[in-house]
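See structure below.
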Amino acid sequence: MTKFTVSVAIAAYNGAEYISAQLDSILAQTVKVTEIVICDDNSTDGTWDILQERKKKNPELFRIFQNEKNLGCAGNFEKALSLCNGEIIFLADQDDIWLADKVEKMLAPFADAKVRGVYSDSTVVNAALEPLGYTHLECRGYPPARLPEMPQTETFFKRVPPAAHDMAFRKSTLKYLLPFPKLPNVHDSFIGVTIAALNGWAVIPQPLALFRQHQSNASNSGKKTGIAGQLQAAKQSAADDTFLWNAKLHSFVLVRLNKVLDDDTERLLKERIAHSTNRSQMGKCGFFRRFFLVMTELFSLRYFHFARGIKSIIQDLFLR
């Protein structure tokens, strides 16, 4: 296997309950990492004390930083990434557990120089690490085994499959990733879409981590919901206008990569932006104008390329 220097970037905040177990799992990897870069976002629960103790025990491995002011999750990850020195950078959440061969298996695809990033699946577990019966990719509506065959751009422009904790990428790719757009909760999606637009992802469809769910999770991306939950989520999505957020996200990618995109990818990004913009406008107009916009998206097939097909049509006609 090709040798790489490896950084692990962790954005810590009030993680005292779980962060030690995560760090132990990183230290137990079959392929050792070069450095663990942790930025603490002014924790109030003893997290910083734990990190200082780790630094004392492994001063050459741990690089810890405490923010002068709270940066939020995306801002904290942005800072941690900017401080990494390794050729390959892994992102890690403070409350998960890595399987012992995660680094080893995720480094293998980087032997191909065309691969810019690698993502894997993770097993969703409860606070006590008991499996909940599904994986993270399954929770997001993707059959993990099929993902390596699916076109990257169409897959990621529809709905970003992995979360940051399942990703690793080359440090050289940071020039396209940083700084993150000034949007809330943006880092996972921006990394995912940007590397997909560069056709740079490789997929390992097996779980290589335990994705812990508890009351203090930064997001709900690991929580599986039934029909009632999906209905409520659709209503909330329309109320929050996540479509405008998506239009801005993909516009940022288009601008950031404007000199390196191929024609097909540029066209897809513009189509994705148009779809999200039209769906955003649907919440600001009357029924007849909304019906016209729905028909526009239906006959252009963008509901099927960039959304959930019939479910999204129903959402736009009846849940606004």
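The values are calculated or read from the model by the stated rules, or taken from the named source; none is laboratory data. For clarity, every value in this text was computed on a predicted model and none was experimentally measured. All Cβ positions, glycine included, derive from the backbone under ideal geometry; neighbour counts span all protein chains shown.
Taking the criterion of being basic (K, R) and under 11 Å from E35 (Cα atoms), the only residue of region 56-89 that qualifies is R63.
Condition check: under 20 Å from G15 (Cβ atoms) and buried (at least 22 other Cβ atoms within 10 Å of the Cβ). Does L91 satisfy that? When the stated conditions are applied, L91 passes them.
Is it fair to say V103 is under 29 Å from D40 (Cβ atoms), assigned to a helix (DSSP H, G or I) and touching a strand residue (DSSP E or B) at 6+ places or on another chain (Cβ under 9 Å)? Answer is yes for this residue.
Which ones in region 144-158 are in contact with a Gly (Cβ under 7 Å, 6 or more places away or on another chain) and surrounded by fewer than 19 Cβ atoms within 10 Å (Cβ to Cβ)? If you could, list the steps in order and put the result at the bottom.
Step one: of region 144-158, the residues in contact with a Gly (Cβ under 7 Å, 6 or more places away or on another chain) are 156.
Selection gives nothing.
I'd like to verify a number: residues in region 252-305 that are among the polar types (S, T, N, Q) and touching a Pro at 6+ places or on another chain (Cβ under 9 Å), how many?
0
Summed over region 1-17, the residues that are surrounded by fewer than 19 Cβ atoms within 10 Å (Cβ to Cβ) and within 16 Å of W98 (Cβ to Cβ) give a count of 0.
So that you can scan it fast, the table gives a plain yes or no per residue for (1) more than 25 Å from L129 (Cβ to Cβ); (2) among the hydrophobic types (A, V, I, L, M, F, W, C):
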| residue | (1), (2) |
| --- | --- |
| K57 | no, no |
| E60 | yes, no |
| E68 | yes, no |
| L71 | yes, yes |
| N76 | no, no |
| E87 | yes, no |
| D93 | no, no |
| A100 | no, yes |
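For region 35-48, indicate whether the set of residues that are out of contact with any strand residue (DSSP E or B) (no Cβ under 9 Å at 6 or more places or on another chain), modelled with pLDDT of 95 or more and in a helix (DSSP H, G or I) is non-empty. Among the residues of region 35-48, not one is out of contact with any strand residue (DSSP E or B) (no Cβ under 9 Å at 6 or more places or on another chain), modelled with pLDDT of 95 or more and in a helix (DSSP H, G or I), which makes the answer no.
For T173, the test of being crowded, with 21+ Cβ neighbours inside 10 Å and assigned to a helix (DSSP H, G or I) is failed.
Scanning region 133-166 for residues that are part of a helix (DSSP H, G or I) and aliphatic (A, V, I, L, M), we see that the one that is farthest from L254 (Cα to Cα) is A145. Scanning region 178-218 for residues that are among the polar types (S, T, N, Q), closer than 20 Å to A9 by Cα and in a strand (DSSP E or B) gives no hits. From the list E60, E78, the one residue that fits, being under 20 Å from the mean Cα position of the chain (by Cα) and either assigned by TED's automatic domain parsing to the domain that holds R170 or within 21 Å of I191 (Cα to Cα) (or both), is E78.
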